[in-house]
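Notes follow once the structure below has been shown.
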Amino acid sequence: MSTFLTVPELNDQVYHPAPLGEYTLKQRLIIRAADLVFYLAIGLIGRTLKFETVGIENLHMIENSGRIPIYTFWHDRIFSGTYYWRNRGIVILTSRSFDGEYIARFIQRFGYGAIRGSSSRQGSRALVEMIRKMRAGLPMGFSIDGPRGPRYQAKGGPLVLAKKTGNPIMPFVLEPKHCWSVGSWDRMQIPLPFTNVRVIIGTPIPVEPDDNLEEKLSELQASLDELVDRGRKWSGRSV
């Protein structure tokens, strides 16, 4: 598995919560409460999960080549994914919304960084910041159908990042054997305590300067779809 970031890198501002001055007192209390609830829930359940990793050689392939992976996954896997990939300094794109505020805070508690923006709001500015941070050596991650869907429909942000930095996309899924599904747009999966979770890491997808991004997006979509199918065959669940 990859090594943790050094202390100087963790001093980057993306690893620290943003001030809440723009919010009302009530909103600040809700943000802080949601941050703590998610942090405790993920930490408590995560410690009971039994992870099995398939395709770890794909991560090692990227690391051994001197490149940095662009972690790419579906939004409904964020619960178990947050725990599994914790303390690696991965910087995640989170929306500039009220929900995005507490999401940024609880993932930062797990050793992630957060860059604020989305595909629908201030996305270009956020993507420029991700390019700059990745060129400085920080790993990046995308919940590629977030923040509002459509579910399981890949978006192009990771492709632009890969093209601009020369780092490959690393698609993966986490498939719990047993889980609850939340009634949200993404049907977020919350693994049952003590269940098995299979982590399936796909073949890295490089994006060269002259590659057609539409074709690479279709390749990424197909890769993630195939990983989901593999996970479902293992778990025996259809959704």
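At a glance:
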quantity	calculated
Sole residue being among the basic types (Lys, Arg) and under 22 Å from Leu44 (Cα atoms), chosen from Arg187, Arg151	Arg187
Selection from the range 204-239 of residues that are of a type in the set (Asp, Glu), without any contact (Cβ under 8 Å) to a residue 40 or more places away in the chain and either more than 14 Å from Val54 (Cβ to Cβ) or not in a helix (DSSP H, G or I) (or both)	Asp210, Glu214, Glu215, Glu219
Top-ranked residue of the range 209-239 - restricted to ones that are more than 16 Å from Leu174 (Cα to Cα) and among the charged types (D, E, K, R), ranked as surrounded by the most Cβ atoms within 10 Å (Cβ to Cβ)	Lys216
Criterion: over 23 Å from Ser181 (Cα atoms) and aromatic (Phe, Trp, Tyr) - qualifying residue of Tyr112, Tyr39, Tyr83	Tyr112
Ile45 vs. criteria buried (at least 16 other Cβ atoms within 10 Å of the Cβ), over 18 Å from the mean Cα position of the chain (by Cα), at pLDDT 95 or above and closer than 23 Å to Glu175 by Cα	yes
Flag for Leu192 being hydrophobic (A, V, I, L, M, F, W, C), farther than 23 Å from Gln108 by Cα and out of contact with any strand residue (DSSP E or B) (no Cβ under 8 Å at 6 or more places or on another chain)	no
Subset tally (residues that are over 15 Å from the mean Cα position of the chain (by Cα) and touching a residue at least 60 places away in the same chain (Cβ under 8 Å)) for the range 137-150	1
Residue in the range 79-91 that is more than 27 Å from Ser184 (Cβ to Cβ) and either surrounded by 14 or more Cβ atoms within 10 Å (Cβ to Cβ) or free of Cβ contacts under 8 Å to residues at least 12 places away in the same chain (or both) present	yes
Selection status of Phe172, aromatic (Phe, Trp, Tyr), in contact with a Phe, Trp or Tyr (Cβ under 7 Å, 6 or more places away or on another chain) and closer than 20 Å to Thr53 by Cα	yes
Wholly enclosed strands (runs of 3 or more DSSP E) of the range 152-203 bearing at least 1 residues touching a helix residue (DSSP H, G or I) at 6+ places or on another chain (Cβ under 7 Å) and surrounded by fewer than 18 Cβ atoms within 10 Å (Cβ to Cβ)	189-191
Matching residues, the range 170-203, being among the β-branched types (Val, Ile, Thr) and touching a residue at least 60 places away in the same chain (Cβ under 8 Å)	Val173, Ile190, Thr195, Val197, Val199, Ile200, Ile201, Thr203
Pairs where the first residue, in the range 22-48, is under 18 Å from Ile78 (Cα atoms) and the second is among the hydrophobic types (A, V, I, L, M, F, W, C) and surrounded by 15 or more Cβ atoms within 10 Å (Cβ to Cβ), C-beta under 7 Å, 6+ apart	Asp35/Phe106; Phe38/Phe106; Tyr39/Phe106; Ile42/Phe79
Total residues in the range 98-137, condition surrounded by fewer than 22 Cβ atoms within 10 Å (Cβ to Cβ), at pLDDT below 85 and part of a loop (DSSP other than H, G, I, E, B)	5
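The values are calculated or read from the model by the stated rules, or taken from the named source; none is laboratory data. Values in this document were obtained by computation on a predicted structure and should not be read as measured data. Every residue, glycine among them, receives a Cβ derived from its backbone with ideal geometry; neighbour counts consider all protein chains shown.
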